[in-house]
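Bear in mind these aren't lab numbers, they're just calculated from the coordinates by the rules spelled out. Note that this is a predicted model, so its numbers are computed, not measured. No Cβ is skipped: glycine too gets one built from the backbone with ideal geometry, and neighbour counts run over all protein chains shown.
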Amino acid sequence: MTYSLLSRYYDLENADFTDDLDFWLGLAEEHGGPILELGCGTGRVLLNLARRGYAVTGVDNSPEMLAHLEAKLSAATQQHLALTPLLICADMRQFTSEQRYALALMPFNTFMHLLTLEEQSAALANIHRHLRAGGVLALDLVNPGEAYAAPLGEQGLTLERTFADGANTVQQFSQVSVDRAAQLARITWLYDSIAPTGVVTRTLVPLTLRYTFPGEMRLLLERSGFGLTHLYGDYDRAPFADGSARMIVLAETK
């Protein structure tokens with residue numbers, strides 16, 4: 001339900017976010033293909049890799065998000081792709097593919113959508129089954145320490161960004177409540193679409209994400225047949241440390 005609501009605005013609100021694209025491309029250059037992207041959405045990362053000639057399979061459980069991606073793939077501007085990405089509409093815990101991949105990616109908080117240890121373990125085990133021996137998994141998450149350093153309780157509305165949707169102006173707000181005991185962030189996105197006449201239409205999108213700590217991540221990976229190889233704090237591969245903006249995990253199949 002969340003992404004059926006979010007798909008309308010997803011590309012518009014993330015159009016300017018390109019900070020991580022060189023990081024993913026660098027991993028592709030180092031480890032080669034074929035590449036598996038979990039939670040590929042509307043193809044922000046997937047299309048960038050495909051344009052560079054990589055064979056990519058995208059998995060997502062939202063038909064609405066994949067419909068946007070398929071529209072991009074069929075557009076005239078995409079006809080120069082040497083290899084058309086394969087798209088699979090499925091849960092990352094249960095998808096199947098005959099391909100075995102050199103690299104699996106979960107960009108931009110995708111892993112955080114798995115809300116229990118059981119869900120996380122099931123997804124990691126399924127990804128492991130689809131990687132070659134020595135295959136690499138890369139996860140990009142929020143640094144949980146920074147979230148836990150924030151004041152307790154529900155925060156007020158925060159204006160995240162303003163963007164155009166045709167003739168309308170959309171203001172995107174967020175409200176976040178962190179349940180530290182459950183390691184969950186409960187987020188409500190509010191999209192106020194303002195027509196030229198001044199009429200405002202509000203869309204509310206609820207979202208829950210789970211924080212995972214470094215030691216916990218190491219155990220999850222080991223339990224699923226991976227070994228943790230690198231922990232970075234940003235897309236420039238600075239070491240993960242207190243105050244890092246991100247927690248970027250690289251692991252290899254054992």
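Some notes on this structure:
- GNM flexibility winner over the chain from Thr197, Thr229, Thr84 (Cα, springs under 10 Å): Thr197
- Fraction of beta bridges assigned by DSSP in the chain that are antiparallel (%, nearest 5): 75
- Most positive-pole-ward Cα, Ala167, Ile194, Gly156, against dipole of the stretch 147-210 from beta carbon charges: Gly156
- Rule-of-thumb Rg ratio for the stretch 56-203 [Cα; 2.2 N^0.38 Å; N residues]: 1.31
- The charge dipole of the chain, taken about its Cα centre with unit charges on the Cβ atoms of Lys, Arg (+1), Asp and Glu (-1) only, comes to about 460 debye.
- Using the Cβ-Cβ distance between Thr229 and Ala195 with R0 = 45 Å, the FRET efficiency computed as 1/(1 + (r/R0)^6) comes to roughly 0.30.
- Highest mobility in the GNM of the chain, judged by mean-square fluctuation with C-alpha springs under 10 Å and restricted to Phe17, Phe240, Phe163, is found for Phe17.
- Scanning residues 5 or more positions from Ile35 or on other chains, those with amide H under 5 Å from its amide H are Ala55, Val56, Thr57, with H placed 1.01 Å from N in the peptide plane.
- Under Stokes-Einstein, with the Kirkwood radius over Cα pairs as Rh, the value for the chain at 4 °C and 1.567 mPa s is 68 µm²/s.
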